Amino acid sequence: GSTTDTTFSGVISGAGNLTKVGSGTLTLSGTNAYTGTTTVSAGTLLISNDAGLGDTIGGTTVHSGGTLDLYGVVVGAEQVTLNGGTLKDVTSLLAGNVILTADSTISTDTGNTLILSGVVSGGYGITKTGAGSLVLTNTNTYTGTTTISAGTLSLTGTGSIASSSSIINNATLNISGTAAGTSIISLA
């Protein structure tokens, strides 16, 4: 595993898997076509091309100590499993579902917006960090706590976190963009 930062702008193709280890940042800027899984075990995997994660068949898993950084991209139906890791962005959209297999973090920096249009599911919670915005546009089914530590968590369209066990709001929860309104069970 490398502790240095590396950029790979070529194309990765084939049926193999990609695993990011080491504390450094690996940037994938090519239009990748591999069909295997992507795993972030440590450090940061920065994606700066819409197809940087390869074909959406394999899915991506981010473990504790790992960060998937979406950098100005529109990612299709890639399923992302957050196993204690961090999903970070610089104004991006992820259309795939997000599965929580451990409490995990979603981080957006000042002036940036991450839109999740897939369903966030699982028996764990999310912590929203960073001064930017996280927008949820689907009926999410995760059952853990939603903690808004910084920035804004917005629900738009049919966006809902009604299954979340509770909301700890230390920043901004914006529900003004929901199509049918939103009910809040527990807000701390």
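What follows is calculated from the coordinates using simple rules that are stated; it is not laboratory data. Just so it is clear, the structure is predicted and the values come from calculations on it, not from any experiment.
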Hull surface over four for the Cα convex hull of region 21-68, reported in nm², is 2.8
Reduced to Cα centres, the span from region 2-32 to region 117-136 in Å works out to 25
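May I ask you to give the average projected area over all directions of the convex hull of the Cα atoms of the chain, in nm² rounded to one decimal?
Computing the convex hull of the Cα atoms and averaging its projections yields 9.4 nm².
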